[in-house]
Amino acid sequence: AVGDLDVASTRAAIDSAFGSWASRAPYTRVPRPALPAKAERLLLSTPDKQNAVLLVRETIPLNNKDAEYPALLMANYILGSGTGSRLWKRIREAEGLSYGVGASISWNRFEPNSTWQTYAIYAPQNRAKVESAFNEVVSAALKDGYTPTELKEGVASLLGYRRLDRAQDAVLAQQIAENLFLGQTFAREAEVDALIGRLTLEQVNAALRK
């Protein structure tokens, strides 16, 4: 009952504030195509700070509708998502070089223009060691690929994470709003879950290398 009251009062406030508002121009989404960028290394000195942050960014010419979407989700999950990932195990656990390390992909819903980003938080004097460990982890994944065990455990973990994510009210509300905007339903999430469950090691390794 309290929830119903909150919804009713919120809707009343929105109607009161914006009920008579009308846009003077129709909504048009601004396209965000991928633009060519040269590789750069930027060093920003912050001598007053105790910690440093390493960021690596790469443009991926895909969106979340591409056929390789589930495989690349899985490849990135094994590489840098969570405490079971290769980056975490090497840089955080094995060498104790970073307070936090991980990788994520910001998926574009429209154009083939997504962003892969990794980060590591560390003591400034350890920068060379962090960079070296990062490069070794990524190089090894590209060269040798992942193992059947990593894929099996990764699939179970990622599917569990996706289910847990959809159980959070804030995330669910955001996904509902996004589905309305995109003209799709949660059937797409079910489809992606099924595709993740059927991924092969060859698909995951190929997506990472590409």
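Observations on the model:
- Selected residue (criterion: farthest from residue 109 (Cα to Cα)) from residues of the stretch 179-189 that are part of a helix (DSSP H, G or I) and open to solvent by 60 Å² or more (accessible area, probe 1.4 Å): 187
- Evaluating residue 146 against the criteria (1) open to solvent by less than 30 Å² (accessible area, probe 1.4 Å); (2) assigned to a helix (DSSP H, G or I) leaves one unmet condition, (2).
- For the stretch 9-31, a tally of residues being in a loop (DSSP other than H, G, I, E, B) and open to solvent by 100 Å² or more (accessible area, probe 1.4 Å) returns 7.
- Checked against the criterion of being closer than 30 Å to residue 29 by Cβ and out of contact with any strand residue (DSSP E or B) (no Cβ under 9 Å at 6 or more places or on another chain), the candidates 155, 171, 137 yield just one match: 171.
- Within the stretch 149-170, tally of residues that are surrounded by 12 or more Cβ atoms within 10 Å (Cβ to Cβ), among the charged types (D, E, K, R) and within 16 Å of residue 74 (Cβ to Cβ): 4
The values are calculated or read from the model by the stated rules, or taken from the named source; none is laboratory data. Keep in mind the model is a prediction, meaning the values are calculated, not measured. No Cβ is skipped: glycine too gets one built from the backbone with ideal geometry, and neighbour counts run over all protein chains shown. Each accessible area value is taken on the protein alone, full model and side chains, heavy atoms only, with ligands, DNA and RNA left out. Shrake-Rupley method; radii C 1.70, N 1.55, O 1.52, S 1.80 Å.
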